[in-house]
Amino acid sequence: MLEFYRNNPGYNRILEKTIKLNIIRIAQGNRFYCLCCLLFYLSPASGAGIATMESSVKELGQAFSGAPTNIEDGSMVFFNPGAMNHVRGGLFSFAGYAVIPSVRFKNTASQLSPQVGGSPLRGNDGGDSPHTVLIPNFYYVQNLSERFAVGLGINIPFGMESSYHPDWKGRYQAIDSKLVTINFNPSASMKITEKLSVGAGLNVQYLESRLTNAIDFGMVCLNAANPSACASQGLMPQTADGHVSLKGDSVGFGYNIGIFYKPTENTRFGASYRSKVQHNIRGNADFTVPENARLLTQGHVFVDTSAKTPVTLPDNVLFGFFHQFNAAWALSADALWTRWSRIRELRTHFSSLQPDDVQTMKWKDTWRFAFGLRYSPIINKLTLRTGFSYDESPVSSPLHRSPRIPDNDRYWLTAGATYAVLKNIDVHVAYAHLFINDTSINRTGSTGDQLTGKFTEHINIVGLQLDWRF
């Protein structure tokens, strides 16, 4: 029967016209399946959502509980520029981190669309997805006078990198994912009184991303034509996979402000606000289409094209407290609120004739709470730290959880140490283990495939930092 369809020219002309008309109809009905919108689905980072917390090794050792009240390393440029006045002379801080995540997927009931019988998705469970990622940062603070100080920070506030096996069950929703933001943050601070100071900074943020995933052209055909027509071309579900590779970048701008209050020598309060950053990500989509699916590119779909997506990275509010009990012991605590609800949907605009593609995110606002202890033993060159943090996930439901970002609530347990190598040089080391709740997913892809299962995750982080005062 299939040979008849393949060798009948009249039928093939009718088939071509039918599929072309149906593809155009599907696109106009906002059910376009090229998956370009996945360019902006972002995968796990050390912080909740797509945030990366690694902006100070010293603070990593106490779960970042002292970030808004920190006056000891250059990360105050990022966390609270109001504290920069407490630097005497100049200060350089250089740091590097190795983020070592483990994410394993266990399939339970992943299947094709129920409209075609709901057959199980073929493939493996993806392997141990993420790679080890290296994250650097740099800060410079310079005191100009008794009242004024300036600073510069370069760090990575958002980012991720992961890779699944190309033949895994979730290949139609994610294979390779990489995103990085580089934030340039010049800042200035002014002392209002001996106890109170304020600061502000400009943020110039560069974003770059690259994502890949497979496309089930068998399912695309079945959504555009009848099964016999698709079978005649060898286009059946999971038998005619293609691929799309997507790249994009953007530059956005924001600001941060901070206030620092030190009522006594042993007590400090700090608060800061970091604004949203609006990006208009422009990129290219490169498609690999099987030979027998070329007909499906009619109507200017599944063809290489350019695209753009507006996305807003969230603003946040950070406030904290520090108290030195005696020469040996100190306590720090902070809370961070992040407005992840700015990411409700991702809408991709294409330069070709295809309509906008919309993906629902429905992220929610989150809180992060942290507590830390600092101990300075008799050997005054050494300081020890430990901390604990609870970090909420913005993902609201397994239905809206992407395999690119199998995010869930996480608990940080950290330890660190500082050693004064010289009077003006400190070395910081720190380690963190992130416990992440088992993460369910029940997500429907653009061609109706349903990825259902559970992710088991944890993250290890190690960091090394050098501070140089001059």
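Which residues, counting only those in the stretch 368-397, are farther than 18 Å from Leu60 by Cα and either surrounded by fewer than 17 Cβ atoms within 10 Å (Cβ to Cβ) or in contact with a Leu (Cβ under 8 Å, 6 or more places away or on another chain) (or both)?
Scanning the stretch 368-397 gives Pro377, Ile378, Ile379, Asn380, Lys381, Ser396, Ser397.
Scanning the stretch 119-146 for residues that are closer than 20 Å to Asp216 by Cβ, surrounded by 14 or more Cβ atoms within 10 Å (Cβ to Cβ) and among the small types (Gly, Ala, Ser) yields Gly123, Gly126. Condition (residue is more than 30 Å from Phe321 (Cα to Cα), touching a residue at least 12 places away in the same chain (Cβ under 8 Å) and part of a strand (DSSP E or B)) applied to the stretch 226-237: is it met by at least one residue? No, the conditions are met nowhere in the stretch 226-237. If the condition is being modelled with pLDDT under 50, within 19 Å of the chain's Cα centre (by Cα) and of a type in the set (Phe, Trp, Tyr), then the stretch 24-70 contributes Phe40, Tyr41. For the stretch 243-260, filtering for residues that are under 24 Å from Arg294 (Cβ atoms), small (Gly, Ala, Ser) and buried (at least 20 other Cβ atoms within 10 Å of the Cβ) leaves 0. List the residue pairs whose Cβ atoms are under 7 Å apart, where the first residue sits in the stretch 273-287 and is within 12 Å of Asp249 (Cα to Cα) and part of a strand (DSSP E or B), the second is among the aliphatic types (A, V, I, L, M) and modelled with pLDDT under 95, and the two are 6 or more positions apart or on different chains. Going by the 7 Å Cβ cut-off, the qualifying pairs are His279/Val311; Ile281/Val311; Gly283/Leu39; Gly283/Leu246; Gly283/Ala307.
When you scan the stretch 73-84, do you find a residue that is surrounded by fewer than 24 Cβ atoms within 10 Å (Cβ to Cβ) and not aliphatic (A, V, I, L, M), even just one? Among the residues of the stretch 73-84, not one is surrounded by fewer than 24 Cβ atoms within 10 Å (Cβ to Cβ) and not aliphatic (A, V, I, L, M), which makes the answer no.
For the stretch 118-136, the count of residues that are in a loop (DSSP other than H, G, I, E, B), within 22 Å of Tyr390 (Cα to Cα) and under 24 Å from the mean Cα position of the chain (by Cα) is zero.
When we screen Phe321, Phe350, Phe260, Phe269 for residues that are aromatic (Phe, Trp, Tyr), farther than 30 Å from Ser119 by Cβ and out of contact with any Phe, Trp or Tyr (no Cβ under 8 Å at 6 or more places or on another chain), the only hit is Phe350.
Within the stretch 206-232, the only residue that satisfies the criterion of being surrounded by fewer than 24 Cβ atoms within 10 Å (Cβ to Cβ) and of a type in the set (Asp, Glu) is Glu208.
The values are calculated or read from the model by the stated rules, or taken from the named source; none is laboratory data. Computed from a prediction, not measured in an experiment: that's the story for all the values here. With ideal geometry, Cβ positions are generated from the backbone for all residues, glycine too; neighbour counts draw on all protein chains shown.
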